[in-house]
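Everything on this sheet refers to the single structure shown next.
The values are calculated or read from the model by the stated rules, or taken from the named source; none is laboratory data. This one's a predicted model, so the numbers in the text were calculated from it and none came from an experiment. For neighbour counting, all protein chains shown are included, and Cβ atoms are generated from backbone atoms with ideal geometry for every residue, glycine included.
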Amino acid sequence: MQLKILTITSLSITVEINNDAPFYVPEPYLVYLNGVQVLENGKRNVFSLYELKPASIYELEVRTETETQKLEFQTLDLSYVLNVRNFKAYGDGVHDDTLAVQTAIMACPEHGIVYFPTGVYLVKSLFLKSDINIYLKKEATLLASAMRDDYAILPGTIRNKNDELILGTWEGNPLPIYTSLITGINVQNIMFFGEGTLDGNAQNGPWWINPKKKVLAYRPRGIFLNNCRNICFQGLTVQNTASWAIHPFYSENLEFYDLKIKNPAHVGNTDGLNPESCENVKIIGVHFSVGDDCIAIKSGKIYMAKNHRRPTKDLEIRNCLMEDGHG
């Protein structure tokens, strides 16, 4: 048994246990921080710890009946914390919190944290900003509006004299799509983490009825990243998305650690994580249970391949569980 740190924030750490078993360890373990037990009956090769103190040194110890391994780490320093409640977010699942949450994101200074305490935050599309952190506390949920009219449309392409800008993409072609619950376009250096949930709420909307049919535009994703880099998603649950749960497109240096991606097994085209024309992607310790492909590695269809010739390359995928879904 060997311990490897996957990522550290000011409030959390994700650790991978390297052994010969996929996803689940051969024997359960206990986890101690500075001599205090913080996790018992650990079963997965990848685990995360939260509510740590910023800029603090910890000794982490993993014990099984037959072996003990230790490592030392230091959490990152903490900059400003912007609590979305201070921006007039209600977190009651009834009021529309989009403006409050988006204001907190846009107001967040470099390396600051947008913080979601426990609650249900009803939102339309949210757009990411570079150089920030977003932390969803346990039992904090970003709940997508179920109304189609609440979503803007990203055009497939915008052209000038010499080139084209691809904004929306559907099934490998530049086509108009509705904006996603979380949308990132040309952003970088973002950590989105915590034990909270991103809930697409698709079961209460029109999205799963005739799912391949275009109604003004094609369905939104749970998370859509277009031309982004240095992005990490850690610990979150992503569920009930209108189509693919996570769709990185033309992006690089992406990390997806210790996530749970859940869509109903009977709903088609609800893929888990589909990197398209991306580079340097790590998918580690993710639990998939979806209605279509768990992971589909893409590089566009005929038009994209002919005109842009951008493959997906340099992927690491390990210690994942693919429950429902096509693998």
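Structure summary
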item	result
Verdict on Pro248 being assigned by TED's automatic domain parsing to the domain that holds Tyr178 and in a strand (DSSP E or B)	yes
Whichever residue in segment 1-58 is closer than 21 Å to Ile317 by Cβ and among the acidic types (Asp, Glu) and, among such residues, is surrounded by the fewest Cβ atoms within 10 Å (Cβ to Cβ)	Asp20
Candidate set from segment 43-67 (those that are part of a strand (DSSP E or B) and aromatic (Phe, Trp, Tyr)); member that is nearest to the chain's Cα centre (by Cα)	Phe47
Checklist (1) more than 26 Å from Asn45 (Cβ to Cβ); (2) free of Cβ contacts under 8 Å to residues at least 60 places away in the same chain; (3) of a type outside the set (Asp, Glu) applied to Phe249, failing item	(2)
The lone exception for Val267 - which of (1) in contact (Cβ under 8 Å) with a residue 40 or more places away in the chain; (2) surrounded by fewer than 24 Cβ atoms within 10 Å (Cβ to Cβ); (3) in contact with a strand residue (DSSP E or B) (Cβ under 8 Å, 6 or more places away or on another chain) it fails	(3)
Subset tally (residues that are over 16 Å from Thr66 (Cβ atoms) and assigned to a strand (DSSP E or B)) for segment 19-30	1
Answer from Lys306, Lys260 - the residue that is modelled with pLDDT of 95 or more and either under 15 Å from the mean Cα position of the chain (by Cα) or surrounded by fewer than 17 Cβ atoms within 10 Å (Cβ to Cβ) (or both)	Lys260
Matching entry among Pro206, Pro220 (being in contact with a helix residue (DSSP H, G or I) (Cβ under 8 Å, 6 or more places away or on another chain) and either in a strand (DSSP E or B) or in contact (Cβ under 8 Å) with a residue 12 or more places away in the chain (or both))	Pro206
Unmet requirement for Ala242, which otherwise passes all of (1) in a loop (DSSP other than H, G, I, E, B); (2) farther than 30 Å from Ser12 by Cα; (3) aliphatic (A, V, I, L, M)	(2)
Only listed residue being on the phi > 0 side of the Ramachandran plot and among the charged types (D, E, K, R), chosen from Asp314, Asp271	Asp314
Segment 48-88, subset in contact with a Leu (Cβ under 9 Å, 6 or more places away or on another chain) and of a type in the set (A, V, I, L, M), residue nearest to Thr237 (Cα to Cα)	Leu49
Residue satisfying all of: in segment 164-191; in a strand (DSSP E or B) and either in contact with a Lys or Arg (Cβ under 6 Å, 6 or more places away or on another chain) or on the phi > 0 side of the Ramachandran plot (or both); modelled with the lowest pLDDT among these	Asn173
Every residue from segment 14-66 that is of a type in the set (Val, Ile, Thr) and in contact (Cβ under 8 Å) with a residue 60 or more places away in the chain	Thr14, Val46, Val62, Thr64
Pairs where the first residue, in segment 135-160, is over 28 Å from Pro176 (Cα atoms) and in contact (Cβ under 8 Å) with a residue 24 or more places away in the chain and the second is assigned to a loop (DSSP other than H, G, I, E, B) and small (Gly, Ala, Ser), C-beta under 7 Å, 6+ apart	Leu136/Gly196; Lys137/Gly196; Lys138/Gly196; Ala140/Gly196
Ile223 crowded, with 24+ Cβ neighbours inside 10 Å and in contact with a Lys or Arg (Cβ under 9 Å, 6 or more places away or on another chain)	no
Tally, over segment 116-159, of residues that are part of a strand (DSSP E or B) and either closer than 20 Å to Asp96 by Cα or hydroxyl-bearing (Ser, Thr, Tyr) (or both)	18
